[in-house]
Amino acid sequence: AVVSTQSTGCATCGVLSACQNAESFRTQSYIQILADIAACYEGQVNGTLLCIGCKSVAGLRCLTCNENYCQEHTDFHVRSRATSHHKVLAFKQILNAPLLISTIKREETCPTHTSKLMEFFCFTCRLPICTACALGQHKDCIYEELGMAITALKQKFDNLKPAFNKKQYNLKNSCSSLEASQKNVEGEFEHSKAGLGDTIDKIMRTLRQKEASMNHNIEDHRKEGQGELRVHQSLLEERISNIESGMEFVDTVFEFWSPLEVLSMENDILERLTELAGEGEAQSEEVKPKPFELPPDTEGNVVEAIGGMFNAAVAKEPQVAEEGESVEETKTD
């Protein structure tokens, strides 16, 4: 399909659809086919749907040429050398497994020369054409046989795969470096916590409150450092996911889409995949949080502070009260 901002034009007949993109156009076409199959099944049940080759009731549909057959003509159709590769299923079988329709690559006939298959793609007019069109109104255009055109397009995608693989490899290496940095950061902070614990234990038990406060600061710093690393890791994982999704999308396109659909979306697909392949690489070596460091002469300052606290505590100690005096009176004296 040829996509515009407001509607989607059919690559075969050029008629515009209200669909906003090629994928919705493809989905809408499947819905229409299923609706037609449901109507045919109703006609089979009522006995009003006739085989294209006789007056018997039709019960099967060739999904390749979109014709209805009775069992006798179905057997002839699948035995014929020209149509032996066609997919013929019962209406009820299709309705029970509607996704079967999306796996069938249908042969399209020329809207101008209805008896001929569209075997070429005109790159000048961006339309599929038949042999008669190629020799007639498109004789001065640039066109190529569908199989060769799709092979050339697939080769363009294959040429981009090394860039995808390299990008994925580099991004995974960056993720590994970030994981190693996370472990180093964790080790540094754990070492700082252990050193702080040793320092506090050497001073006195009354510093446990101070220890808890400093441990809290270290924990905040660790979370801040790890949070920064997680952000960068998330960005790298997102890029990897985008590349993998792009590669899966390419594989899906060539497996399930018809040549007409693939060729019609060539520019959009190539533009997106080239954009994914050219994204800037993460610089993991620049992402290194600053290690937590204890203030200089922590132990000496703390000891001095403890001494002051001790002296203040001694000065505030109440004197032993003499007989007949209350503690309050002693404090007042």
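Values as computed for the structure displayed
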quantity	calculated
Cα-Cα over 22 Å, subset of K116/K154; K183/K223; K193/K223; K87/K161	K116/K154; K87/K161
Accessible area of T131 in the full protein assembly, 1.4 Å probe (Å², nearest 10)	50 Å²
Rounded to the nearest 10 Å², the accessible area of K161 at probe 1.4 Å	70 Å²
Protein-only accessible surface order, largest first, of L49, L276, L95 at 1.4 Å	L95, L49, L276
Area accessible to solvent at L60, 1.4 Å probe radius, in Å²	30 Å²
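The values are calculated or read from the model by the stated rules, or taken from the named source; none is laboratory data. No experiment lies behind these values; they were computed from the predicted model shown. Quick note on the areas: whole protein, heavy atoms, side chains included, nothing else; ligands and nucleic acids left out. Shrake-Rupley method; radii C 1.70, N 1.55, O 1.52, S 1.80 Å.
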